[in-house]
Amino acid sequence: MNGASAPDALVVLAGGRSSRFGGDKALAELAGEALALRALRRLAPLAARRVLVRAAPLAGLPADVVQVADPAPGAGPAQALRAAFAAVPGARCFTAPCDAPELEPALYAPLAAAAGADGVACARRGGRLEPLVAVWSAPAAARFAAEPAVPSDGDAVHAALARARAACVDFDGGDRRFSNVNTRAELASVAAGRSEA
């Protein structure tokens, strides 16, 4: 596909070790829906294409979702992002972790504006980066996809964002839309106060 006309892509990362959760978080259910499927559904308005990065196949995956194999399960999200970006060349990418079940499309509008045509922008909540809630322009995604892993920095997404001179968009520290599920207790907490969507 021609890079100039490639449609935007939503990239959902679902390949973490889930060690604190005690099971595969991507399969954990909120209101009867697996977290990975919830992220793909809730954020679908962002992009014409949807990509899920995961080591193992996911049952119930919509037919239009491209599943990309996580090249090094448990090794962190940087290499998973590279694999996803390589799978959708020429696309502007909206990224999201599957374990932040209250993310919504509206969060990404200021990120897209800050990323512009050639950059990348990520959310910062209460002064703390949310590196996987980001918008990568097509050129920035292509540069990162072609970049080799950097073992000296643990190949961290934070370091990659710094190298890319990412813009940061600030959100209130109490913004519950960024609620992250690392434990079953946190999932229960989100379930107790979740939105209906």
Helix-only CD estimate at 222 nm, as mean residue ellipticity for the chain, using -39500 (n - 2.57) per DSSP H run (n ≥ 4): -7500 deg cm²/dmol
Amide H partners (placed H, <5 Å) of residue 171, local residues excluded: 124, 125, 126, 127
Relative contact order (percent, whole number), the chain, Cα cutoff 8 Å, 6+ residue spacing: 24 percent
Heavy-atom accessible area per residue - the chain, 1.4 Å, Å²: 44 Å²
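Within the set of other residues whose C-beta is less than 10 Å from the C-beta of residue 33, count the net charge using Lys and Arg as +1 and Asp and Glu as -1.
Summing Lys/Arg as +1 and Asp/Glu as -1 gives +2.
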DSSP-defined antiparallel bridges as percent of all bridges, the chain, nearest 5: 35 percent
Under the Karplus curve 6.51 cos²θ - 1.76 cosθ + 1.60, θ = phi - 60°, whole-Hz ³J(HN,Hα) for the stretch 116-131, x wherever Gly or Pro sits: x, 7, 9, x, 9, 9, 10, 7, 9, 10, x, x, 10, 5, 10, x
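Would you kindly state how much longer the chain becomes between residue 112 and residue 158 on full extension, computed as 0.36 nm times their sequence separation minus their alpha carbon distance, in nm to one decimal?
On the way: separation 46, 0.36 × 46 = 16.56 nm, distance 1.84 nm.
Extra length from residue 112 to residue 158 when fully extended: 14.7 nm.
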Difference of contour (0.36 nm per residue) and Cα-Cα distance, residue 128 to residue 149: 5.2 nm
Low-density loop cleavage sites - GluC sites (Glu not before Pro) in the stretch 101-197, where at most 12 other Cβ are within 10 Å (DSSP): 196
Rounded percent of accessible protein surface that carbon and sulfur make up, the chain, 1.4 Å probe: 56 percent
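The values are calculated or read from the model by the stated rules, or taken from the named source; none is laboratory data. These numbers were taken from a predicted model, which means no experiment stands behind them. With ideal geometry, Cβ positions are generated from the backbone for all residues, glycine too; neighbour counts draw on all protein chains shown. Surface areas here come from the heavy atoms of the whole protein model, side chains and all, with no ligands, DNA or RNA. Shrake-Rupley method; radii C 1.70, N 1.55, O 1.52, S 1.80 Å.
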